[in-house]
Amino acid sequence: MKFGYTIIYVTDVLASLTFFDKAFGLKTRFIHESGGYGELDTGQTTLAFASHTLGACRT
């Protein structure tokens, strides 16, 4: 089995991406134009951040 993806729900996606860049040198791989979702360039396992608002959406 391969662990491929983790999404962490946060208040501020951009602040979280910036923190991980400064603290660990992990660069942003993708950020949605809304700012509500972003991913770090972490190699084989994707570490993503999504806003609480995005996580609360119901379809």
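For this structure, a couple of remarks:
- Average accessible surface area per residue within the chain, 1.4 Å rolling probe, Å²: 73 Å²
- Restricting the chain to trypsin sites (Lys or Arg not before Pro) in coil, as DSSP defines it, with at most 13 other Cβ within 10 Å: K2, K27, R58
- Estimated FRET transfer efficiency (T18, A56; beta-carbon r; R0 22 Å; 0.05): 0.40
- Value of Rg/Rh across the chain [Cα atoms, Kirkwood radius]: 0.98
- Contour excess over end-to-end distance, with Cα ends at Q44 and K2 and 0.36 nm allotted per residue: 14.2 nm
- Charge dipole (Cα centre; +1 on Lys/Arg Cβ, -1 on Asp/Glu Cβ; no other charges) of the chain amounts to roughly 160 debye.
- In the chain, helical runs assigned H by DSSP with n ≥ 4 each contribute -39500 (n - 2.57); averaged across all residues and rounded to the nearest 500, the mean residue ellipticity at 222 nm is -8000 deg cm²/dmol.
The values are calculated or read from the model by the stated rules, or taken from the named source; none is laboratory data. Since the model is a prediction, treat every value here as computed from it, not as a measurement. Cβ: placed from backbone, ideal geometry, glycine included. Neighbour counts: every protein chain shown. Surface accessibility is based on the protein's heavy atoms, side chains included, excluding ligands, DNA and RNA. Shrake-Rupley method; radii C 1.70, N 1.55, O 1.52, S 1.80 Å.
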